[in-house]
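Reviewing the structure listed below.
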Amino acid sequence: MTLNRRHRIAALAALALASALPQGMGAALAQAWPSKPIRLIVGFPPGGGTDIIAREMAPKLSEILGVQVVVENKAGASGAIGAELGAKAAPDGYTLLMAHANPNAIVPNVMAKVGYNPATDFTAIHYIGFVPNVLVVHPSVPANTVPELVALAKKQPGVLTYASSGIGSSQHLAGALFSQITDIKINHIPYKGSGQAVVDLLAGQVTMNFDTMPPVLPHIKSGKMRALAISTDKRMPQLPGVPTFAEVGIKGFDVTNWYGVAGPQGMPKEIVSKLADAIRKALADPAVSSKLEPQGVVPSGPRTPEEFDAFIKAELVKYSKLVKDLNVKAE
């Protein structure tokens with residue numbers, strides 16, 4: 001029996017059991033939860049923004065919940081492999097997913113088929129925050145500003161390259177949108193995650209990236225990368241000298257990475273409530289917030305599971321339009 005088939009059977013059995021329980025039994029089960037370790041699936045390799053945030057949060061969650069929260073990296077397909085595992089797990093609160101703009105909103109609009117329905121196969125639990133995309137270039141690139149980079153690309157059409165964490169990732173869309181707005185041609189080089197994309201940019205194997213702040217911030221500060229623009233409305237305190245895309249004349253650059261925690265469809269409301277409360281407490285703890293804030297994580301956004309669910313559905317609509325407008329397809 002294949003792994004996917006086992007997951008489907010487990011999920012269906014759990015849903016059938018939940019529907020057959022007498023009224024109030026779900027609350028009784030929730031009282032006994034958690035009684036064993038909880039898996040937190042990250043759909044990307046170690047070293048990327050999603051992995052960094054999950055690992056900063058997991059120890060505090062373990063402390064609050066009284067059981068170990070284990071981060072598991074299940075990388076591939078811009079987070080879609082991990083998302084499928086999360087969607088098809090038993091809805092008992094012991095398998096969670098680091099929800100992300102890529103697998104939960106963008107990838108399903110880019111790839112012809114993914115193994116889950118992003119609108120119906122998840123239980124939204126808690127929104128964590130968003131981080132801006134930063135346009136970074138290798139120091140050898142003879143461009144210190146966005147206009148200089150655009151001019152260079154127009155002199156060398158198709159020569160400059162940009163890395164991404166995979167096909168259908170926010171970095172992929174950011175590069176495609178930047179190319180459309182500035183009328184330049186740059187080549188997309190997809191990786192399995194930000195970690196390897198950053199390594200190759202540091203080595204000069206690619207020209208630029210539109211990555212999230214956590215994996216590139218240390219290299220910007222050390223001078224190993226040069227930051228040219230950031231995707232927020234206002235400059236970020238972590239990079240006060242880096243202008244926004246709007247400041248350098250790039251209007252309508254609306255691509256941002258967001259993070260949250262989700263589980264499979266059909267989780268008991270009582271467990272969702274316990275999890276949401278635990279995540280809220282973990283994010284509010286100075287030991288966690290003091291590590292996330294310097295990396296550019298902005299916590300503003302949905303506050304309840306219901307608001308988070310509505311947010312995800314709105315993001316699906318937003319990126320459906322953007323993907324069509326850009327004619328972005330799986331390569």
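The values are calculated or read from the model by the stated rules, or taken from the named source; none is laboratory data. Only a predicted model underlies this, so the values are computations on that prediction, with no experimental measurement involved. Here the Cβ is made from the backbone with ideal geometry for all residues, glycine too, and neighbour counts use every protein chain on show. Side chains included, ligands, DNA and RNA excluded: accessible areas come from the protein's heavy atoms. Shrake-Rupley method; radii C 1.70, N 1.55, O 1.52, S 1.80 Å.
Taking amide H as placed 1.01 Å from N in the peptide plane, Met225 has its amide H under 5 Å from the amide H of Ile220, each at least 5 places away in sequence or on another chain.
For the stretch 74-165, trypsin sites (Lys or Arg not before Pro) are listed when DSSP marks them as loop and at most 11 other Cβ atoms sit within 10 Å of their Cβ; the list is Lys113. Take every Cα pair under 8 Å whose residues are at least 6 apart in sequence, average their separation, divide by the length of the chain, and the relative contact order is 26 percent. One quarter of the surface of the convex hull around the alpha-carbon atoms of the chain equals 16.5 nm², the direction-averaged projected area. From the alpha carbon centroid of the stretch 33-96 to that of the stretch 234-302 is 17 Å.
Using the empirical formula 2.2 N^0.38 Å as the baseline, the Cα radius of gyration of the stretch 68-187 reaches a ratio of 1.32.
Of the residues Gln196, Asn209, Gly223, the one whose Cα sits farthest towards the positive end of the charge dipole of the stretch 188-239 is Gly223 (charges of +1 on Lys and Arg Cβ, -1 on Asp and Glu Cβ, taken about the Cα centre). Pairs of Cα atoms nearer than 8 Å and 6+ residues apart set the relative contact order; for the stretch 234-331 it is 19 percent.
Between the amide H of Thr212 and those of Val134, distances stay under 5 Å, these residues lying 5 or more places away or on another chain, with hydrogens modeled in the peptide plane.
Exceedance of the 28 Å cut-off in Cα-Cα distance is limited, within the set Lys113/Lys224; Lys74/Lys113; Lys221/Lys281, to Lys113/Lys224; Lys221/Lys281.
Taking the Kirkwood radius as Rh and the Cα radius of gyration as Rg, the stretch 247-331 has a ratio of Rg/Rh equal to 1.05. Taking the dipole about the Cα centre of the stretch 31-166, with the C-beta of Lys and Arg at +1 and of Asp and Glu at -1, give me whichever of Pro108, Ala153, Ile52 is farthest to the positive side. The listed residue farthest towards the positive side: Ala153.
For the stretch 206-215, backbone phi angles converted through the Karplus equation (6.51, -1.76, 1.60; θ = phi - 60°) give residue-by-residue couplings of 10, 7, 8, 8, 10, 7, 6, 5, x, x Hz, Gly and Pro being listed as x. Only the Cβ atoms of Lys and Arg (+1) and of Asp and Glu (-1) were treated as charged; on that basis the dipole of the chain about its Cα centre amounts to roughly 400 debye. Considering only Gly43, Gly158, Gly115, the mean-square fluctuation computed in a Gaussian network model of the chain, springs between alpha carbons under 10 angstrom, is largest for Gly158. Sorted largest first by accessible area at a 1.4 angstrom probe radius, with every protein chain in place, the residues Arg303, Arg280 fall in the order Arg303, Arg280.
Rounded to whole numbers, the Karplus 3J(HN,Hα) couplings from phi for the stretch 175-186 are x, 5, 5, 4, 4, 5, 5, 8, 6, 10, 10, 10 Hz, using 6.51 cos²θ - 1.76 cosθ + 1.60 with θ = phi - 60°, and x at Gly and Pro.
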